Each structure stands twice: as structure tokens, then as C-alpha cells.
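The values are calculated or read from the model by the stated rules, or taken from the named source; none is laboratory data. Remember, predicted model here, so these are calculated numbers, not experimental data. Cβ placement follows ideal geometry from the backbone for every residue including glycine, while neighbour counts extend to all protein chains displayed.
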Amino acid sequence: MGVLDFWVTFLFLVFSLQSQVSNSQNLTCNPNDLKALRSFLIGLESGINGWVTNSTNSSSPNCCTWAGIRCDDSGRVVELELPRQRLTGQISDSLGGLNQLKTLNFSTNFLRGSIPHSLFQLPNLELLDLSNNDLSGSIPMNINLPSLKVLDFDDNSLEGTIPSGVCNNLTRIQSIRVACNYLTGSIPPGLGNCSSLVRLCLGSNFFAGDVPEDLFRLPELTWLSISENRLSGPLSSGVGNLSKLAHLDISANGFSGEIPDVFALLVKLEDFSAQSNRFSGRIPPSLSNSRTISSLLLRNNSLSGSIDLNCKAMTSLVSLDLATNDFNGSVPANLPSCTQLKTINLARNNFSGQVPESFRNFHSLSSLSFSNSSIYNLSSALEILQHCQSLTTLVLTLNFQNEMLPSDGILGFKKLKALVIANCRLTGVIPQWFRGLNKLQLLDLSWNRLGGKIPPWLGDFNSLFYIDLSNNSLTGEIPKNLTGLPRLILGNVPLQDPSLDFPFFVKRNKSAANGLQYNQIRSFPPTLDLSENNLTGPIWPEFGNLKKLHVLDLKFNSLSGIIPSNLSGMTSIESLDLSHNNLSGTIPLSLVNLSFLSQFNVAYNHLFGEIPAGGQFPTFPNSSFEGNVGLCGEHSSSPCVITNQGPQVSHTESTRRKGVVIGMAVGIGFGTTFLLAVMFLILWRASSRREVDPEKEEVDGTEKELEEIGSKLVVLFGNKDNNSNNNKELCLDDLLKATNDFDQENIIGCGGFGLVYRATLPDSRKVAIKRLCGEYGQMEREFQAEVEALSRAQHTNLVLLQGYCTYKNDRLLIYSYMENGSLDYWLHEKPDGPSSLDWDTRLHIARGAARGLSYLHQSCEPHILHRDIKSSNILLDENFEAHLADFGLARLILPYDTHVTTDLVGTLGYIPPEYGQASVATYKGDVYSFGVVLLELITGKRPMDICKPKGTRDLISWVLQMRREKRESEVFDPFIYDKQHSKELMRVLEIACRCLCECPKLRPSTQQLVSWLDNVDLDV
């Protein structure tokens, strides 16, 4: 009987389920709902996949079967969900007719215009998500959504104020998100009436004034973010009433006074961020004893006194940032008692004394910065800190003044990846114990007084890619071993530990979704800076092996010999400074092949012959070649002449040779005087550059410059990322403040034409500012014309040029800021990146990048050829929308041009085969490179990986071989491969292979690419 009962029950459930499915399929949507949806579709500029408005039979279309729609048993539409569907156009007021609607989600699209008032009158609506669009207008005053639980308008262009009575008819609201808009006024009273509110996000707007008291009477609130506004006044002690609060972010406002001592009441608070305000006084005792705080960020205030943290109580503390305050006294000796504490930034305070002996047992510590304090006894500090077993970053800049770098007694630091002991005026030599720092990636000992030779074993460090030994007194030859550093030859800089921070250079974003493009170790350009020393000997030809080196600075030494032609092998070099040495010979013509070279200086040597005229050389200033009397050509006042006896020499040089006899007759008389004058000049110049205080020189120069340029206006272009209604003028002084006078802490990248800085403008917009290198005084009109032309390249899938500013030799370009970094980072470097990018996201990225490239090739006037399509030039915003970057490096093409001439650029693994046979770059070459990116997306592999076994190093060859063997399914990234997506993956593989056809004429156009990718998921 038990078995029979089971089968009877089973069959009953099966028939019941079939009946329900049949009923669902037979549902016919309400005619009024159908009419409303049709009107909505008409307001869009493109269709929606899966929506059929015209029926093939006599009956009306059944909207209950359309994608993104769910109906109830009576055929009424209750859910309308179309996130990430690339919808463009405006939201129709007709949707107000869907009066049974419970869920409306249009997030992450390209919708614009105002939000229809009818949407705020839907009695059954529970979720309204319009985030990540370009909606404008204001939030209406008469909101009547009694059932609403979630309202999300984040990241739009909404203006005006929040209605004061917003909570009167939102009695069930649990989440309000309106961050990243242009809302103004004060935070209205009345939000305290939203008694069920759990999350409130008002950050990145223009709210001003005090925070209303009733905001602190929300019993269920767990998340409160009001950061990056213009709020002021004291922080109310009423915040202690929010007993369930877990996250509190009030950073980047104007709060002042003391931080209220109410944290004993916030028993669930985990994250407290109050950085960049005007708080004063001490850290309140209740905060210093919080058992739940994990992240405490109080940087850039005016807090004072000693740091009295009760680490025995603060058992959850992981990250502590108290930099740029007025704390004094000694470094807290009890910090190791915070057993979970990993990251400490105490830079730019008034600490004194020594590193506490207790730090010897600080086993959880991974990142430590004491920079810009008055700490002393370096030997003791290093002896103690070497026992911190987890330490990966150590920044001790501007401490230990005039001490000696210890030569022995240090055996620890086995995990150290970044060591910065700069600007301490240390004496001694680079010690032998450094040899044990075999995981070091970044070493900065600049602006000290170290002597002796550079140890050859520095070239044996497998991970080292950034070396700065500048402004010391190092002697001897440059060790040839430095030309064998693996990371400067092969690249592939390893990722840092997730907790690794570089407070010396950058300020890390707390949110994992922000700043990924910049706050990673590979953002620092691979660098070898040995300038301002006493080095002698030659520049080794083997430097040409450093194919991944970006910056080589050897200026102000006594190097001799020729400039090796092999330096043309440094194919990634961006800055090469060999000035103020004793180099002779000619400038190698092969250097014109360095396509990314943006800074070049050989001034004040003994060079002769013609200055090369090709490649990047026409863009270099005349000052890069001055002080070499034998040079001639474009950048010299002496034209080159041809002699029968030898190579080209300047007319001045030829005339001088003709007067040798006369010169010998009179030279003896003047020789002694001349030599004495030269010796005096050399001694004076050497003394001057050694005695100048670099900090004072920089400050004096900056002050003088600011007096001249403070009112220089910035030219802003009208595009999506510029608020067209913001009439406030932007001046160069604003850019200087936003970057802290282009402080290296704000460096976020090193591009092909200069450094890039992260900045927050006065209107709170985050931007990336590219500071171009070189002198362009004679190219002012050409520069402005080119920038104006680039600004007209406006598309959703391009990194937009928002504006520019010129002043003397400075050229600043202002670009949109991309929150999620590059596709290369997510595919190949972020530990959980590949698993985080599901197939739908990867396909969305491919489609967006294709649209951006198609716009450059076919719609932009004049057309633009990119010439360096690769995954690291595809940047991702916070919604993982793809944006092509660095298209400004390409030359603008007139409509009748078919190619760009000889100045080819590109990256190994992406360069089409025909570029090796002819010195032209073409549109079909861009398509080839895009095909490589498609392979990266579906395989998860790099185009070239020298560490892979032979036969798999070249991604293209391996994929084509697997296709020939009918083993296509084995090439797909296991994170995305499943039966559900197998046909789509095969179609994208087919598209990629067409792009990679060896015959350029057989490759598709970018317009075809867009069409194919848009339809890849149809009929599969």
C-alpha cells in the first residue's frame, strides 16, 4: 500500500504541474496592459528581443509570453524586468496604466528624459529600479506608492531636491538609493517617517547644510551613506540611536567639531568612514573600544592628541587609516593587540620616538606607512619589523633623518613586496641583507645619500619591476645584471595580496567595486630610475632586452660611450632620459621605432650628427637636444650638410674644422682662461644641484606658478559626462587642487603620452586627467584642432574626452573615470575575476566594444583608426559597460584616406600579420585585434603567454589547431562553458575566427561585427 500511495501522489503532482503550466501558457494579457506596453515600445529607439507586437493570426499578441514580463492568473502584468537590455529612448507615461504592476526594473540601460509622473501612482508597485541610466528632471512632489519597498535611482542625472513629504506615502519603504545624481538643497526632514527603512544612500550629490535630526530615528537602518556632498556642522549625537547600523559613510563633506562619543550604542557597526572632513579633537573613547568596527577611516581631518585604541576590545579591526591629522606622541605600542589588524596608515602626523618593541609580534600586519613623521632609529625599526611575518608593504619616507642604513642584522621581510625608505638623507650603502627580499616588486630608496656601488644581485630579483635609486651618491658602473630583470623583460607583474596598499603613491578606494583600474601594483610603470648619482661607464646594449620597461632615467651621471642602437628593443619605453652625461657619438636612427616614446632627453652630452626626424622625434622639444654642439637638424639651430669625407655634420662643425690652424694659434692664449671658466661652471652646477632642497624648490616653483595660472580656464565639451546645466566655470587652479598639485599619490597610470591622475572636481565628478609630456608651443593650433576633433567622438562605448587645458608647456586632457578597470584585469589578473564574469557579462562587453569600434570607423567624423585594440584598452564602468580607451593615440583619418602611414603601434599578440610586411595600419587591422579580444573573452587566456608549454603560448595558433582537430569545446573557459551557452560560444568563436582571417579583405566590417554579436543569442 505504501508504494501504491507514493505513485498515486506522484501522478497527481505531475498532472497538477502540467495543468498549471498549461494555464500559464494559455494566459492572455489584459488588453489595456498590452496597449500600455505597445506605447512604451514605441517610445524606445530600438526593439526588445522577444517582444512581438504584431500577431501572425487573428488574435492579439500575448504579452504574457514576452521576455521580462510575468502575468498573474488573470492576465495582468505584475512584473516588468528589462535590466541590461541596452534600451535607448524615453520611458512612456503609458506604463502608469499597468496598475497591477509589482516590479519595474529598467536598470543599467541608456534611457533618458524625465521619469513619468504616472510611475509614482502605481498602488501595487513594490520595486522601482531605474538605476544606471541617464534620466534627468526632478523627483515629483506627489509620490503615492503605498506598497513600494525598494526605490533605486542611483547613477542618473536627476536634479532638484528630495520632496519633503517623500515618506508620507511610502509607508513600507525599506531602501532608498539616489546616489550619484545632481540633487541639491538640504536633506529634507521627514525621512524619519520611513520607519521601515533599512538602507539609505544619498552620496555623491550636492546636498548642503545640516543633517536633519529625524534621520537618526530610523530603528531598522543598517546602511547610511551621505558621502561626497557639501554637508556641514557637527555630527549629531543622535546617530547613536541607529542601533542596527552596520555601515556609516560620511566622508568628503564639511563636518566639523568633535566626533560624538556614541559608538557604544552602535553595537553592530562594522565600517565607519569619516575621512576628508574637518573633525577635531580626539578619537572618542566609545569608538576606541568598539568590538565590531572592522574598517576605521579617519584620514584627512584635524584630529589630535595621542591615539588611544583599546585593542583588547577592538577584536574586529582590520583596516586603520588615520593619516593626515595632527596626532602626536609616540606610535601606539598596543596596536599588535588588535589581532585582526592588517593595514595601518599613520602617515603625515606628528609622531616621534621609535617603532615600538611590541611590533615584533605584529603577525597580522600586512601594510604599514609611517611616512612624513619624526620617527628615529632606523636600525631598531627594521630589526623589529622584520619579525612581522605577514608584512608586504612598508613605507617609511621622510623619517630617520641623517641616519645610516644598517648593513647587517636583518634577516626577515620574507614576504615584503614594496619597500619605500625615501627622502631620509640616509648614508651607507645598499646592504647585503636586501638580497633576502626575494619577493620584492617595488624598491624606492631615492633622495638619500647612499654611496658605494649598485649591487649586481638586484638583477636576480624575479618580481622586481620598479627601482628608484635616484638622488643618491652611488658610484661605479651600472650592473649589467639589471638588464636581465625578468619582469622588465617578460612583464606579467604578479598581483599583490588583496590587502596590499601603496599609501606612498595612491589612496586606495574602500569599495571593491571602485578604483580597480588604478589601485593595483601593475598601475605603476615598470621603472629603472638611477638619475642624479655619480655612475660611470657605458650604457649597456643589453638594456634593449627590457621590452617591458616604461621609464629609464639615467640623467645627471657621468656615463660615457655611445647610445646603443639596441635600445630600440625597449618596445614599451615611454620615457628615456640620458641628459647631463658624457655620452658621445650619434643618436641611433633605430630609436624612431619606439612608438610609445613620449619623453626623450639627451641634452648636455657630446653627441653629433643629425637628429632623427621620424617616429616620435618631431614631438620632442628643442631642449631635449641642447648642449650638444655637434647635433644638427630639425631641433637644432644648425642645418646638416653633406661632406665627401664622412657622415653628415653641422655647418658650424664644418666651419670649425676649417679654422683649426687659426684656432691653434690663438687657442693657447685663451685656453687657460677658458678651462678655468669651464671648471668653475662645472663645480657651480654640481654644487647647485646637490645643495638645492627638492621640497623647497618644488614648493617655491609651485607657488610662483599658481600665481600665474590660477585663473586659466579649462575648456569643457558638452557630452553625457559633463553636466550641461552646470554653468560654473572650471579653471586650472581647480585641477591643481583636485590632484594636489599633481601629487604622485594621485597617479593612476602611465599612458603612452604622459602620466594620468585621478581627480575629483569641485562638482564631485571623478575624472582622469592625462598630463601630456613635451613642449608644444609651436603646435598650439594643431593641438587644439586635434583635441576639438577628438571631443566630437562621443559614444556610449568610448571613454569620453570631457575637456582640456593648455598653459605654457602643459597640456591637460580630462577623461571620464572608469570604476571597474580594464577587461585585461578582470580576465587575467583579478583572482576571482574570471569567475565573476559570467557569459552574459562577457557577451555584453564584446557587444559594447564592437559598437565603440564601429562608431570610430564609420560614424565619427573624421573617421578614427584605433591601432591598439586590446583587452587592457577596454575599460569597464561600474555597470561593466565596455568603453574603448586610448583611441586618441590614433591619427584622425579623413574620409578619403584608406590607411595611416608608417607610425605603427600595437601590442604583441594583437598585431595582424600584414603589419610585418607593410608599414600601414588599416581598419581591417583593428578588426583582427578585436578578434583576439573575442578569443580572450571565450577562452580566458592571454594572447601570448611565454610561461605556457610550447604549442599553447600563441592563443590564435592554439585555437585554430583545436578547430582543425574538431576539439572546439576544449578551448572555452570552464567558468562560462555549459550546455545552455554552448551554441552561443560556438558562434562567437566563429566570429572571432573570421576576424582573424589572414587575408584582410575577407575580414568583416565593424558594422557586420555589431550585427553578428547582437544576434548571436537568437535562434540558437
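The set of residues from the range 386-404 being in a strand (DSSP E or B) and in contact (Cβ under 8 Å) with a residue 40 or more places away in the chain comprises THR393, VAL395. Considered as a group, the residues in the range 919-931 that are more than 17 Å from LEU1002 (Cβ to Cβ) and out of contact with any helix residue (DSSP H, G or I) (no Cβ under 8 Å at 6 or more places or on another chain) include one that is modelled with the highest pLDDT, and that residue is VAL920.
LEU183 meets the conditions (1) within 30 Å of GLY47 (Cβ to Cβ); (2) under 28 Å from the mean Cα position of the chain (by Cα) in every case but one. The failed one is (1). Going by the structure shown, is LEU95 modelled with pLDDT of 95 or more, outside any strand (DSSP E or B), buried (at least 16 other Cβ atoms within 10 Å of the Cβ) and not acidic (Asp, Glu)? Judged against the criteria, LEU95 is a match. Taking the range 235-244 as the range and being surrounded by 15 or more Cβ atoms within 10 Å (Cβ to Cβ) and not in a loop (DSSP other than H, G, I, E, B) as the test, the residues that pass are GLY238, VAL239, GLY240, ASN241. Only one of the numbered conditions (1) in a strand (DSSP E or B); (2) at pLDDT 80 or above; (3) of a type outside the set (A, V, I, L, M, F, W, C) is violated by THR806, and that is (2). When SER330 is tested against (1) exposed (fewer than 15 other Cβ atoms within 10 Å of the Cβ); (2) within 26 Å of TYR466 (Cα to Cα); (3) out of contact with any helix residue (DSSP H, G or I) (no Cβ under 8 Å at 6 or more places or on another chain), just one condition goes unmet, and that condition is (2).
Restricting attention to the range 183-205 and to residues that are of a type outside the set (S, T, N, Q), touching a Ser or Thr at 6+ places or on another chain (Cβ under 6 Å) and crowded, with 17+ Cβ neighbours inside 10 Å, the residue that is nearest to SER251 (Cα to Cα) turns out to be GLY203.
Being over 33 Å from the mean Cα position of the chain (by Cα) and either at pLDDT 85 or above or charged (D, E, K, R) (or both) is a property that GLU965 has. Counting only residues that are surrounded by 21 or more Cβ atoms within 10 Å (Cβ to Cβ), part of a strand (DSSP E or B), within 28 Å of the chain's Cα centre (by Cα) and not aliphatic (A, V, I, L, M), the range 245-270 holds 1 of them.
Does the range 75-86 contain any residue that is among the aliphatic types (A, V, I, L, M), over 29 Å from HIS844 (Cα atoms), at pLDDT 90 or above and crowded, with 19+ Cβ neighbours inside 10 Å?
To start, the set of residues in the range 75-86 that are among the aliphatic types (A, V, I, L, M) comprises 77-78, 80, 82.
Applying the additional criterion that residues be over 29 Å from HIS844 (Cα atoms) yields none.
Scanning the range 75-86, I find no residue that is among the aliphatic types (A, V, I, L, M), over 29 Å from HIS844 (Cα atoms), at pLDDT 90 or above and crowded, with 19+ Cβ neighbours inside 10 Å, so the answer is no.
Scanning the range 291-308 for residues that are over 34 Å from the mean Cα position of the chain (by Cα) and either polar (S, T, N, Q) or buried (at least 22 other Cβ atoms within 10 Å of the Cβ) (or both) gives a single hit, SER306.
With respect to PRO455, is the statement that it is closer than 15 Å to LEU528 by Cβ, surrounded by fewer than 23 Cβ atoms within 10 Å (Cβ to Cβ), modelled with pLDDT under 95 and out of contact with any Lys or Arg (no Cβ under 7 Å at 6 or more places or on another chain) true?
No.
Evaluated against (1) within 18 Å of GLU81 (Cα to Cα); (2) in contact with a Pro (Cβ under 8 Å, 6 or more places away or on another chain), LEU135 falls short on exactly one condition, (2).
Restricting attention to the range 547-567, the residues that are modelled with pLDDT of 95 or more and either part of a strand (DSSP E or B) or under 30 Å from the mean Cα position of the chain (by Cα) (or both) add up to 10.
Residues in the range 451-473 that are assigned to a loop (DSSP other than H, G, I, E, B) and in contact with a strand residue (DSSP E or B) (Cβ under 6 Å, 6 or more places away or on another chain): GLY452, SER470, SER473.
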